1. State the extension gain, in nm to one decimal, for the chain segment bounded by residue 227 and residue 180, taking 0.36 nm per residue of separation less the distance between their alpha-carbons.
2. Kirkwood hydrodynamic radius, computed over distinct alpha-carbon pairs, for the range 320-435: how many Å, to one decimal?
3. What does the highest-first list of 356-363, 369-376 look like by mean Cβ count within 10 Å?
4. What's the FRET efficiency of residue 194 with residue 346 using the Cβ-Cβ distance as r and R₀ = 60 Å, to the nearest 0.05?
5. With contacts defined as alpha carbon pairs under 8 Å and 6 or more residues apart, what's the relative contact order of the range 325-385 in percent?
6. Which ³J(HN,Hα) values in Hz, rounded to whole numbers, follow from the phi angles of the range 124-140 under the Karplus curve 6.51 cos²θ - 1.76 cosθ + 1.60, where θ = phi - 60° and Gly and Pro get x?
7. Starting with the highest mean, order 45-54, 83-92, 70-79 by the number of other Cβ atoms within 10 Å, averaged over the residues of each peptide.
8. Report, by chain and number, residues whose modeled amide H sits under 5 Å from the one on residue 51, excluding near sequence neighbours (fewer than 5 apart, same chain).
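Computed from the coordinates by the stated procedures, all read-outs in this text should not be read as laboratory data. All figures in this text were calculated on a predicted structure; none of them were measured in a lab. Every residue, glycine among them, receives a Cβ derived from its backbone with ideal geometry; neighbour counts consider all protein chains shown.
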Amino acid sequence: MTDREEVSRGAAAVLVVPEWRGQRLSRDLDARVEEARGLAVAIGLNVVAVHPLRLRQTRAATLLGVGQIEAIKPDVGEGAAQLVIVDAALTAIQQRNLETELGVKVIDRTGLILEIFGERAATAEGRLQVELAHLDYQAGRLVRSWTHLERQRGGFGFLGGPGETQIEADRRMIRNRMARIRKQLDDARRTRNLQRAKRQRAPWPVIALVGYTNAGKSTFFNRLTGSDVMAEDMLFATLDPTMREIRLPGIDKAILSDTVGFVSDLPTELVAAFRATLEEVTTADLIVHVRDIVHPDSDAQYADVAAILDSLGVNGPQNGEGGGEDAPDPVPQIEIWNKIDTADPERRVAIEEMASRRSDVAVISAVNGEGVEAARTLMASQLTSRHQVLRIFLRFDQGEAMAWLHARGEVLSDVAEGEGHMLTVRLDPADRARFERLWPTDQGECPREGGDPE
């Protein structure tokens, strides 16, 4: 089983979904089975058998108990399946022992997600990020897979591929390759920072869509932008960030960004590799969290997304880091409760009642457009809710600054005064800071309407 083709698309796979005390017990087991099946289908595998297992205890050698392994064997015997997928994190020794017991290749949840990302990443940077994650995962597993070195995996990808015969040479090659990839990613990061700085000079707010995979972000994105970004009923249909221009009530232009979907137990290797890309979220003016509100694990999915956003620092300082005046402000967030069209009448009433008690939620169906206009209004109101009314003096020759204020803010009055204009402008605090960086001035701003001076 050293040829990749033996476990390629269409290969038969047995899915094992274990659950034990303290491990993801907040989740519905049936929903976990369907998610794991979805991950397998996303990589083109044919799931021929499913084993949901409740474990009394985990075994250090195999994770699963002897009886449970025996129950799986008939489904993989005599070539019935070429692969066993365990929807949990396996140690190197557990993976090797299960392969020995079952006689077929075994991959865990991390390996499966890495394989999906490896196939789906479309941009050069995305492919580098995935390869780095693959290598990081692989580096600790060079001695784990087969009972003989002649039957190891190596290479790029976990559904097969040729391998080296000298483990130390493998490790050295992997370290060298990882160092080269990190350098390339650093170069890409510098380029992206320049692009981000250029966008911040542009007078348009940036809105980032985030959410659990398959929550409907890309469908919502297409509904708002009229684009044709891949939006299928499939886990990880979108990997590479996409940006489009949209109009919102009272906002002539905003930039909407669709991002990779999150998932529970997202491999740490992938979080690290994609961190630079996800950091685009931290510079957004508004985060829109799209939720599949009808999913049985909707609350647990919300917690998974929130945890990843916390790790990115979008909710303020993390890990006990202090704050202080220089600490970044939390990025404003709203929730879009999607797929309301799939709810039964009773469930729908309950969802709409919950949403009515919150000012940061819109209930929609991205498929048929229901509620999308209300979502657009909510997004616009959040972008303008913290705006301040300022008075700014500009000389007649500061036409670029004048155009910036007209595009980014709301010019309430423009009075010619001496050698320039005295403007009364409503601006977001972030835009005010951007304006002051771009056009430093000694002019003092006036108090907000109906409030005290800043």
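1. Numbers: separation 47, 0.36 × 47 = 16.92 nm, distance 3.55 nm.
Full-extension gain reported as 13.4 nm.
2. On the way: mean 1/r = 0.0570 Å⁻¹.
Kirkwood hydrodynamic radius for the range 320-435: 17.5 Å.
3. Going by the mean number of other Cβ atoms within 10 Å, highest first, we get 369-376, 356-363.
4. Numbers: r = 53 Å, r/R0 = 0.88.
The pair residue 194/residue 346 has a calculated efficiency of 0.70.
5. 35
6. Per residue, the Karplus-derived 3J(HN,Hα) values read 4, 5, x, 5, 5, 4, 5, 5, 4, 5, 4, 5, 4, 5, 6, 4, x Hz.
7. Result, highest mean Cβ count within 10 Å first: 83-92, 45-54, 70-79.
8. Amide H to amide H, under 5 Å and 5 or more residues apart or across chains, residue 51 pairs with 15, 16, 17.
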